[in-house]
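Single-structure report; data block below.
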Amino acid sequence: MKYGARNEVAATVKSVTAGDVMTLIKFDVTKPCEMAAVITTESLKHLNLEVGDQVELVIKAVHVLPVKR
C-alpha cells in the first residue's frame, strides 16, 4: 500500500470499539504514551485488526492511519 505520510510509529492494537459506521482503535506505542485512531468500520473489516496485532501508525496531519503488514 502506498501512502503520502512520512512519519511512522510502531504500535500494538490495545482495544477496538466498533460502531455501525465508525470504529475507535486505541494503540500502545513503544514510547510511554497511547495513541488512538477513528476509522470506518468498513476499513476495520478490510484490515482485520484485532487486539494484540502489531501495526505501524502512519501519522499525517490530524489523521492516524493503521497499517497492518
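Remarks
- Approximate shape of the range 7-67 as ellipsoid semi-axes (Cα gyration tensor, √5λ), whole Å, largest first: 18, 12, 10
- The range 12-25 - phi-based ³J(HN,Hα) in whole Hz, Karplus 6.51/-1.76/1.60, Gly and Pro as x: 10, 5, 9, 7, 10, 10, 8, x, 5, 10, 10, 10, 9, 10
- Placed amide H near Val64: partners under 5 Å, 5+ positions off or other chain: Val38
FYI, it's all coordinate maths here, none of it is from the lab. This is a predicted model, so every value here is computed, not measured.
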